[in-house]
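S.K.: Before anything else, here's the structure in question.
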Amino acid sequence: MGNHQSQAKPPTKDEIAKLSASTHFSPEEIMKLYSSFKEVSATTTADGNIDVNEFALMLGINNIQFAGKIFSAFDENPDQLLDFHEYVKGLSMASQRATLEEKASFVFNVYDADRSGKISRQELTDVMTLSLSENNGVKISPTSLNRIITATIQSMDENGDGEISLAEFITTARKNPAILNCVSIDIDHLLKY
């Protein structure tokens with residue numbers, strides 16, 4: 001990655017303990033994640049934060065708009081920058097270690113761009129279109145995509161309001177956990193630091 005030194009300050013023992021208690025990482029893994037965070041956050045600008053471009057490079061995502069959707073789910077405060085705490089919490093929720101409910105909540109936030117608490121038809125269309133464009137070999141006609149979107153909403157929308165709530169999304173994920181595979185981050189390479 002970059003040869004710059006990051007401005008990220010090391011977490012204190014108390015911060016490490018709190019992060020370990022609220023994520024799926026041990027204190028030792030949190031320190032390894034800090035090393036990876038320092039390197040990633042210095043890729044383009046050594047400012048101690050990760051921006052969407054550094055995030056896309058870290059994950060090997062070519063489509064910056066798709067990376068931006070995932071990045072937004074990490075970015076709790078939404079300031080367009082990830083600090084170390086957001087980085088660790090996001091990785092925990094997007095990793096294979098997350099509980100079904102945590103992963104469903106994370107994936108829901110990838111779709112819910114306006115943070116309204118509901119996934120609209122347009123938000124579902126936007127993410128599915130970007131996801132398909134990231135997977136180069138997948139080509140679906142607009143008509144077929146529209147049918148898929150309609151069927152998805154009909155199958156998830158229990159109250160018939162035309163949108164998908166977090167509760168409806170989690171209910172569907174319990175029945176079909178494969179819907180959460182669209183956003184899964186392999187953290188092993190980030191723990192090798």
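S.K.: Go through the range 71-88 residue by residue and turn each phi into a ³J(HN,Hα) via Karplus (6.51, -1.76, 1.60, θ = phi - 60°); whole Hz please, and just put x for glycine and proline.
M.R.: These are the phi-based 3J(HN,Hα) values: 4, 4, 5, 6, 7, 5, 9, x, 10, 6, 9, 9, 8, 4, 5, 5, 4, 5 Hz.
S.K.: Counting other beta carbons within 10 Å of each Cβ, put V40, V183 in order, fewest first.
M.R.: Listed from fewest to most nearby Cβ atoms, that is V183, V40.
S.K.: Given the peptides 143-156, 62-75, arrange them by the average over their residues of other C-beta atoms within 10 Å, most packed first.
M.R.: Result, highest mean Cβ count within 10 Å first: 62-75, 143-156.
S.K.: Could you calculate the contour length gain from Q122 to D47, that is, 0.36 nm times the residue separation minus the distance between their Cα atoms, to one decimal place in nm? If you can, show how the numbers build up before the last one.
M.R.: Working: separation 75, 0.36 × 75 = 27.00 nm, distance 3.46 nm.
Contour length minus the Cα-Cα distance gives 23.5 nm.
S.K.: Take the range 5-84, drop everything but the C-alpha atoms, weight them equally and run the Debye formula without solvent; then report log10 I(q)/I(0) at 0.14 Å⁻¹ to two decimals.
M.R.: -0.47
S.K.: Would you mind checking the tilt of helix 166-175 against the longest principal axis of the Cα atoms of the chain, expressed as 0 to 90 degrees and rounded to 10?
M.R.: In the chain, helix 166-175 runs at an angle near 80 degrees to the longest axis.
S.K.: Something else: From Cα pairs below 8 angstrom and at least 6 apart in sequence, can you work out the relative contact order of the chain, rounded to a whole percent?
M.R.: 22 percent
S.K.: On to the next question. For the chain, what value does the Rg/Rh ratio take when both radii are computed over Cα atoms and Rh is the Kirkwood radius, given to two decimals?
M.R.: The Rg/Rh ratio comes out at 0.99.
S.K.: Something else about it: Given that compact globular proteins tend to follow 2.2 N^0.38 Å, what is the ratio of the alpha-carbon Rg of the range 98-193 to that value? Can you show the working numbers first?
M.R.: Working: Rg = 14.2 Å, N = 96, 2.2 N^0.38 = 12.5 Å.
In units of the 2.2 N^0.38 Å rule of thumb, it is 1.14.
S.K.: If you don't mind, another one. I'd like to compare 9-21, 81-93: which one has the highest average count of other Cβ atoms within 10 Å, and what's the full order after that?
M.R.: Put in order of decreasing packing, that is 81-93, 9-21.
S.K.: Where does helix 100-111 land angle-wise versus the long Cα axis of the chain, in degrees 0 to 90, nearest 10?
M.R.: Taking the Cα atoms of the chain, the angle to 100-111 is about 80 degrees.
Any read-out appearing in this document is the output of simple, stated calculations on the displayed coordinates, not a laboratory observation. Please read all numbers here as calculations on a predicted model, not as lab measurements. All Cβ positions, glycine included, derive from the backbone under ideal geometry; neighbour counts span all protein chains shown.
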